[in-house]
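Visitor: What follows is a single structure, and I will ask about it in a moment.
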Amino acid sequence: MSVFFGAHNIISPLGFTSRENFDALLNGKSALKKKSFPFSEKEIFCSTLEESEVDKRFSKLGNAKNFTHLEKLSILSVKDVVDQSGIDLSDKNNLLIVSTTKGNIDILENNYPHLPQKRAYLTEFAKIVGDFFKSVNTPIVVSNACISGLLAIIIAKRFIDADKYKNIIVCGADLVSEFTLSGFKSFNAMSDEACKPFDANRTGINLGEAVASILLSYDKLSNIQIISGASANDANHISGPSRNGDGLYQAVTETLAKANKTNVDFISAHGTATEYNDEMESIAFSRAGISSSPLNSLKGYYGHTLGTAGVLESIISILSLQENTLIKSMGFEIPGTSQVLNMITKTETKDPIAIGLKTCLKTTSGFGGCNAAAIFEKL
């Protein structure tokens, strides 16, 4: 069954709509910058959203004091999709899926003493968002490390294929918090400068804050559809990817086989700018025979947005297909992997007759050895 993408929204430091975010990327803007935190002696390179701006926009919907930062962002993002599409979550044929790794983790940092701490539970977080839209179906939470967002999109396609629902909104949401920054710092994975995915001089990861939402539907709401998707876990290590890319290779080859394809027009890779991840991805793409496809990572624009990443980067890929534009992999200058990749080094809109972009492979990988891949196709 064909499953089509519909309305979408990205809220990040680069803008409060998908269009604003895509235009920022076309203009080479990055959300990454140094920021001071009370729990860190050193400034940290990351991207975050200003609370005052979020509250200003949320004040049109409700009392900001009754919601956490992530709840407000998620409601704003889903509201934009609902307004664009007219989808009513009080209809039993429609569903909300929330993808997140940590949800309201900052509620445990005593940021909201007036709100119940049970909202730190992922299901409670999703319920708050669902209740705002009077969702008749209990929202489903997908929390599988950094593949959460793309896996949620794949699961949404499976639900629609199985005729369980006609329309599903997937909302990816995660914060930059003391917990997440401290966690990645303990792995010595944080970079003191803007990250450089797949570059020889990369020094590690940056974290980013964003929320993104997208509608998947049985109806042909746009000219972009998801035609296949798969996930695989190599169980290599709790925090380290398989050195030979086993899990990602399996997810990619299964996705290509389901779509009856041997290659794609471009790849939106995970590309965290950590040595082990970038190397693993280059090996997996080489083993799958697709390393000649143009490839980018968007982490140089946003940092790693965790449970949001798969949704946010899918939306940018959809806009790239629709506008026949390849987005530069920001931060890449010198090849830094054992396997040669066809990195996109210049943002460029192609002549649709000479080079028509019709297919994109989106991939993600995460802690515990999880990997996901999906192919989007333009009709």
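Visitor: Specify the residue with the greatest mean-square fluctuation among Ala126, Ala354, Ala284, computed from a Gaussian network of the chain linking alpha-carbon atoms under 10 Å apart.
Guide: Per the Cα network of the chain with a 10 Å cutoff, Ala354 tops the list.
Visitor: Which one, Gly28, Gly336, Gly245, has the greatest fluctuation when you compute a Gaussian network model over the chain with C-alpha springs under 10 angstrom?
Guide: Per the Cα network of the chain with a 10 Å cutoff, Gly28 tops the list.
Visitor: Another question, if that's okay. Among [x] 18.4; [y] 16.9; [z] 20.0, which is the computed mean projected area of the Cα convex hull in nm²?
Guide: The value computed from this structure is option [y].
Visitor: When only Cα pairs under 8 Å and 6 or more residues apart are kept, what is the percent relative contact order across the chain?
Guide: 23
Visitor: Lysines within cross-link reach of Lys34: Cα-Cα under 30 Å, excluding same-chain residues under 8 positions apart?
Guide: Lys34 reaches Lys42, Lys56, Lys65, Lys72, Lys102, Lys185, Lys196, Lys299, Lys328, Lys346, Lys362.
Visitor: What net charge is computed for the residues neighbouring Ile169, neighbours being all others with C-beta under 13 Å from the C-beta of Ile169, Lys and Arg scored +1, Asp and Glu -1?
Guide: Summing Lys and Arg as +1 and Asp and Glu as -1 gives -2.
Visitor: To continue, here is another question. Can you tell me how region 25-181 classifies by the Cα gyration tensor, rounded, prolate or oblate, using a/c under 1.5 as the rounded cut?
Guide: Since a/c reaches 1.5 and a/b is larger than b/c, the shape of region 25-181 is classed as prolate.
Visitor: Can you pull out the chymotrypsin sites (Phe, Trp or Tyr not before Pro) in region 209-287 that DSSP calls coil and that have at most 10 other Cβ atoms within 10 Å?
Guide: Listed in order of number, the matching sites amount to none.
Visitor: In terms of solvent-accessible area of protein heavy atoms at a 1.4 angstrom probe, what is the ranking of Asp199, Asp131, highest value first?
Guide: Asp131, Asp199
Visitor: For labels at Arg19 and Lys92 in the simple 7 Å Cα→Cβ model, what's the distance in nm?
Guide: It is 3.8 nm.
Visitor: Over region 211-350, what is the relative contact order in percent, taking alpha-carbon pairs closer than 8 angstrom and at least six residues apart?
Guide: 24
Visitor: Whats the longest run of the chain with zero GluC sites (Glu not before Pro) that are DSSP loop and have at most 10 other Cβ atoms within 10 Å?
Guide: Result for the longest clean stretch: 51-379.
Visitor: Counting other Cβ atoms within 10 Å, which trypsin sites (Lys or Arg not before Pro) in region 1-94 have at most 12 and lie in a DSSP loop?
Guide: Filter output for region 1-94: Lys42, Lys60, Lys92.
Visitor: Give the accessible surface of the chain per residue, rounded to a whole number of Å², with probe radius 1.4 Å and ligands, DNA and RNA excluded.
Guide: 40
Visitor: Carbon and sulfur together cover what percent of the accessible area of the chain at a 1.4 Å probe radius?
Guide: Carbon with sulfur: 49 percent of the solvent-accessible area.
Visitor: In nm, what is the difference between 0.36 nm times the number of residues separating Tyr121 and Glu254 and their Cα-Cα distance?
Guide: 44.5 nm
The values are calculated or read from the model by the stated rules, or taken from the named source; none is laboratory data. No experiment lies behind these values; they were computed from the predicted model shown. When we count neighbours, we look across all protein chains shown, and the Cβ atoms used for this are built from the backbone with ideal geometry, even at glycine. Ligands, DNA and RNA are stripped out before the accessible areas are found, and what is left, the full protein with its side chains, is counted by its heavy atoms. Shrake-Rupley method; radii C 1.70, N 1.55, O 1.52, S 1.80 Å.
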